[in-house]
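First the structure, in the form of structure tokens, and then the observations on it.
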Amino acid sequence: MKRLLLISGVLLISLTAFAQSAEEPVSETTLIFVRHAEKVDDGTRDPSLSEQGKTRAVRLADIMLKEYNVSAIYSTPYKRTKETASPIADSLGIVIQEYGLNDPKGLVQSIISSNKASTALIVGHSNTTPLLVNISLGEQRFEQLDEKAYGDIFIVTIGENQPPKVEKRNY
């Protein structure tokens, strides 16, 4: 009888601990990095998006609206990055926050701490996007993007007490 009570007690404690751990929400922060969409070749340092780029920006917004709960959007101060972010920002009523690259590590840390347990979209350039992805991962995994390559999405998931994970997709 004592043995049955002991086994029952251990089983009850184990089930209670399992139920409590299953109820605790896993806090994940998701950072979605993209390079701006196609730009016009107007000879300036700050071109707008081409028609193809505008179409791609709308496609990005559709993906973000369907698959992610974006709560913050970051962009460099250039037309092409802001225009890439605008369709999703307009759809969600979110103000695009401009960022600079004086302190890339500090920028990534600030975005992570400001968006704990939520999702942020960060729009950059062929050289800055892989740089920021690498910083968020804590390791060198990606090189500068090809100047003619558009449409890569880097989804970095940062969970509590686990190493960051990255998924690379195309849109």
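The values are calculated or read from the model by the stated rules, or taken from the named source; none is laboratory data. Only a predicted model underlies this, so the values are computations on that prediction, with no experimental measurement involved. Note that we place each Cβ from the backbone using ideal geometry, even for glycine, and neighbour counts take in every protein chain shown.
For the range 124-171, the tally of residues that are surrounded by 12 or more Cβ atoms within 10 Å (Cβ to Cβ), aliphatic (A, V, I, L, M) and more than 15 Å from the chain's Cα centre (by Cα) stands at 1.
If only residues of the range 94-110 that are in contact with a helix residue (DSSP H, G or I) (Cβ under 8 Å, 6 or more places away or on another chain) and over 21 Å from LYS39 (Cβ atoms) are counted, the one that is surrounded by the fewest Cβ atoms within 10 Å (Cβ to Cβ) is VAL95. Looking at GLU83, is it under 18 Å from VAL166 (Cβ atoms), in contact (Cβ under 8 Å) with a residue 40 or more places away in the chain and of a type in the set (Asp, Glu)? No.
Of all residue pairs spaced 6 or more apart or on separate chains, those with beta-carbon atoms under 8 Å, a first member in the range 28-55 that is assigned to a loop (DSSP other than H, G, I, E, B) and buried (at least 21 other Cβ atoms within 10 Å of the Cβ) and a second member that is of a type in the set (Asp, Glu) and at pLDDT 95 or above are HIS36/GLU83; ALA37/GLU83. Among residues of the range 146-171 that are at positive phi, those with a beta-carbon under 7 Å from a residue that is assigned to a strand (DSSP E or B) and not acidic (Asp, Glu) at least six positions away or on a different chain give the pairs GLY151/ASN170.
Close Cβ contacts (under 7 Å, 6 or more residues apart or on different chains) running from residues in the range 126-145 that are more than 18 Å from SER110 (Cα to Cα) and at pLDDT 95 or above to residues that are basic (Lys, Arg) and not in a loop (DSSP other than H, G, I, E, B) comprise SER126/ARG35; LEU145/ARG35.
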